[in-house]
Structure formats: structure tokens, C-alpha cells
Number of protein chains: 2
Amino acid sequence: MDVRTLCLGALMGGEATGYEIRKMFEDGTFSHFQIASLGSIYPALTKLTQDGLVTFVEHEQENRPDKKIYQLTQEGRRTFLRTLLQTRPAEDRYRSDILFMLTFAEEMPIELTEALIDEFAARHELMSQQIDPENTDKPAHQKSNAHDENGELKPGCCFVAGLGQAMCDATLKFIRENKQGLLDELKSRKTKKS
Amino acid sequence: MDVRTLCLGALMGGEATGYEIRKMFEDGTFSHFQIASLGSIYPALTKLTQDGLVTFVEHEQENRPDKKIYQLTQEGRRTFLRTLLQTRPAEDRYRSDILFMLTFAEEMPIELTEALIDEFAARHELMSQQIDPENTDKPAHQKSNAHDENGELKPGCCFVAGLGQAMCDATLKFIRENKQGLLDELKSRKTKKS
DNA sequence: CTATCATATATCAGTTCGATATAGTCAATC
DNA sequence: GATTGACTATATCGAACTGATATATGATAG
């Protein structure tokens, strides 16, 4: 799924600036299962404007560089929905340096192994908190995209969030139950070797 | 983690060709949490050879294009282990078109939503089977990297595999328990609207 | 008998990331 | 009262990487 399509999707929740779109992928609704950087979002928005799929209004008022608020056109909305129907979703891909490194646990000091596992757990703990769309810690001004016009939580988002949380919980549970066992095993191997 | 480091890691398990390294990331040991394509592996191996971190032996015997079997040098091995100690692991990143699309479940036909969920489940079912390093379905000639010189399963790999399986299981369980609920919710919203 | 798949290397266009530049506001810290 | 860092906001660019393609051949399946 290319950044153009992702931008259209981001704008399905209402108007936004390029910066706000990035935030949706950085901290917001989509952050846990899609990635897009500013370096790809801005060119994508330019292209989409040329193709008539989005329009923008410039707001100059604030002394700062002009703020371009983008919005889907009808054509853009139709194109996005058509893409959803026609696109065969790509394979999921998960990328984790920590898991890759843990693969070599035997070659590392045990303290590093433990630190990596703890880091992994901490990140998933944090993620679990961030995922919850009901979580009102977040500043209200942030466009959440998870709620529809009536402020109701969209069922699709709810499902996806629940799934994410289930995965986090499973990860944390596994670590609780297996971390010590791994460390013990590594220790006993080290002593056997020497 | 750049491809050079990934290649060094791949060669920690013993000698391999560029093609075999790709397989480790495509189907093999690392496939579920790291990605590397041929287009990046070959240049990386060339660079590593220049830097003296790997060496290769050309085997021409088979009528086919020369087969270059790469191997870590001592310097390469040391460099990799040093990298493990010094590198701050990057954030995990998960990318899923299916979850992104499901976010817009309300705007899609219910059949598509159901198909996407089923596809998601099927992929995780398959992944769960593939992950198991004990799984001997795989052709024996494949270098698994999950076993050490003595044929024993490496504890780090075992831990990572278990974690992956726990995540798959949690995903499948969540889908079993929540799929119908989502579909019902979507149906009731559609009828309410019309 | 002809696809298609698997092995194996190599190259390249296009996409994307990550860093950087610019620039103003605001809060905090020193 | 001054500097530092964080946030908003757009834009650009080099470096890295993916995915596709080319080449070559043997094996296997239809």
C-alpha cells in the first residue's frame, strides 16, 4: 500500500495538514500497523492534489509558514473506496531488531539478553496503553480518526485496537512466563562451557 | 539494522550463499521479524568482502553460474558481536495492510470485512506452523540457523519462536472470539442507516 | 513438450526513510 | 533575562532498500 493510498485513508476521517497526517502514523490511529514519513507524505499530497483527489486551503493567518489543510474530494473518496475493494492486501511484515538480536543470546553477555527482553516488554507495555482508543490521556485536540462524526468509536477501529492489545498482552504474558527460564538455561550453558 | 549487519548475523550460523541468506529472511529463521531482499544482500556481501568481514569461495562445478559460498572472517565475527553490544535496537515496526483496511470496515461491504479477517487468520495459522523450529516438515537441506553445531536448538531462537507462536495464538483466539461480534455490529449499523 | 519452479548471481528504477533546513511559538530551566 | 528544548509546519535530498527484471540451467509437473 503506497503512501498516496495511506494519505487518502488518513483524510477519510476529515481534513488535516501534512503534519497531522504524519502524527496519525507516528503516534495516532495508524501508528501501530502502518508507517509513513514526512519525506513521503508531502510529495504524495502534492501528487494527489495534481490528480484532483484532494484539495487544500491555505491558512496564512498565524505569521508562520502557510498551513495547508487538505481535504478529500468526492473523486478522492471514491478512489480510496475502490482501492479498498480492488487491492489484494500485501503480506504483513514485522520487523524487530530486538528479536533478531535475541536469536544470538548464546553469544552475548546474559545481562544484555535480560536488558533486551526488559526493553521489549517495556515497549509492549507502553504500546498497550497507547492503543486503547478510549484512553483519554491524549490531548483532545488530536484527531483520533477512530471516532466517527457522532463521536462514536468506529467498530473497525475497535476491533483492530482490541487485536493489538491482545497481541501485546500475549507478548507480556509470554515474557513473564519464560524470561527466567531462558536466563537460567543460558547460565547453565555458560558454566558447562567453561 | 542495516543489511550488512543482518548478513553477518545470517553467517553466524555457518557458511551460506547470497541466495541462502535471502531464504533465511524469506522462509527461514529470520523471516518473521526481519526483511532483506536480494537487491540489498548482494551489494552488502560485496561491501563486506571489501571490508574483510567475510570471504567467499567460488564453486564452479555445476555448469551453472559460479556459486559463491560466503563465510565470516574472525574480524567479521568480532564486528558482529561488537555491533550487538553497541547497537541500540531500533523500534519494532509492524506493517499490515489488512489491519489498515479493517479500520474502514464501516465503509466496505460486510463480505469484504469478513474476507479480510479470514485472510488475516489464515496467514497467522500458517505462520504459527512455520515458526516451530522443531517442525521437521521443512526439507532437511535447509540451513535452519536455529540449531547450533551440535544440532541442539539454540535457546535464544527457542524463546523468540515461542514468543512468535504466542502472538499468533493470541491473534487467532481474538479473532475466534470477536469476529462475529464485529460483523453483527456492522450489520446492525447498516440497517439503521438505511 | 512446455510451463513453472528452484537454484544462483546481478542490476536498476522507483519508492521510501531519515536527516536536515527553515522558521516561528511557547514553556521551562538556569 | 537568556538559552535550551519541544512543538507546529512545510520542504528537500541523499542514502538505503524493495521489487522487478535479466540471465542461465536443471528438475519437476502437467
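Out of all the residues in region B:10-23, is one or more open to solvent by 80 Å² or more (accessible area, probe 1.4 Å), among the acidic types (Asp, Glu) and more than 7 Å from DNA strand C (Cβ to nearest atom)?
Yes - at least one qualifying residue is present in region B:10-23.
Being touching a helix residue (DSSP H, G or I) at 6+ places or on another chain (Cβ under 8 Å) and outside any helix (DSSP H, G or I) is the filter; apply it to region A:66-86 and report the residue that is nearest to the other protein chains (Cβ to nearest Cβ).
A:72
Table: residues versus (1) in a helix (DSSP H, G or I); (2) among the hydroxyl-bearing types (Ser, Thr, Tyr); (3) farther than 28 Å from residue B:23 by Cα; (4) within 15 Å of the chain's Cα centre (by Cα).
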site	(1), (2), (3), (4)
B:88	no, no, no, no
B:94	no, yes, no, yes
B:99	yes, no, no, no
B:112	yes, no, yes, no
B:116	yes, no, no, no
B:122	yes, no, no, no
B:128	yes, yes, no, yes
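Kindly check whether there is at least one residue in region B:53-65 that is assigned to a helix (DSSP H, G or I), within 12 Å of DNA strand C (Cβ to nearest atom) and either open to solvent by less than 80 Å² (accessible area, probe 1.4 Å) or hydrophobic (A, V, I, L, M, F, W, C) (or both).
Taking every residue of region B:53-65 in turn, none turns out to be assigned to a helix (DSSP H, G or I), within 12 Å of DNA strand C (Cβ to nearest atom) and either open to solvent by less than 80 Å² (accessible area, probe 1.4 Å) or hydrophobic (A, V, I, L, M, F, W, C) (or both).
Just the residues that are at the interface with chain A (Cβ under 9 Å from one of its Cβ atoms) and open to solvent by 10 Å² or more (accessible area, probe 1.4 Å), please, taken from region B:100-110.
B:106, B:107, B:109
Which of the residues spanning region A:27-45 are away from chain B (no Cβ under 14 Å) and not small (Gly, Ala, Ser)?
A:38, A:41, A:42, A:43, A:45
Based on what the data block shows, is residue A:91 at the interface with another protein chain (Cβ under 7 Å from one of its Cβ atoms), of a type outside the set (Ser, Thr, Tyr) and open to solvent by 50 Å² or more (accessible area, probe 1.4 Å)?
No; evaluated as a whole, the condition is false for this residue.
Out of A:42, A:70, report the one residue that is within 16 Å of DNA strand D (Cβ to nearest atom), in contact with a Leu (Cβ under 9 Å, 6 or more places away or on another chain), at pLDDT 95 or above and among the aromatic types (Phe, Trp, Tyr).
Going through A:42, A:70 in turn, just one is within 16 Å of DNA strand D (Cβ to nearest atom), in contact with a Leu (Cβ under 9 Å, 6 or more places away or on another chain), at pLDDT 95 or above and among the aromatic types (Phe, Trp, Tyr): A:70.
What number of residues within region A:17-26 are within 10 Å of DNA strand D (Cβ to nearest atom) and within 12 Å of chain B (Cβ to nearest Cβ)?
1
The values are calculated or read from the model by the stated rules, or taken from the named source; none is laboratory data. Owing to the predicted nature of the structure, the values given are computational and were not obtained by experimental measurement. With ideal geometry, Cβ positions are generated from the backbone for all residues, glycine too; neighbour counts draw on all protein chains shown. Calculation scope for accessible area: heavy atoms of the full protein, side chains included, ligands and nucleic acids excluded. Shrake-Rupley method; radii C 1.70, N 1.55, O 1.52, S 1.80 Å.
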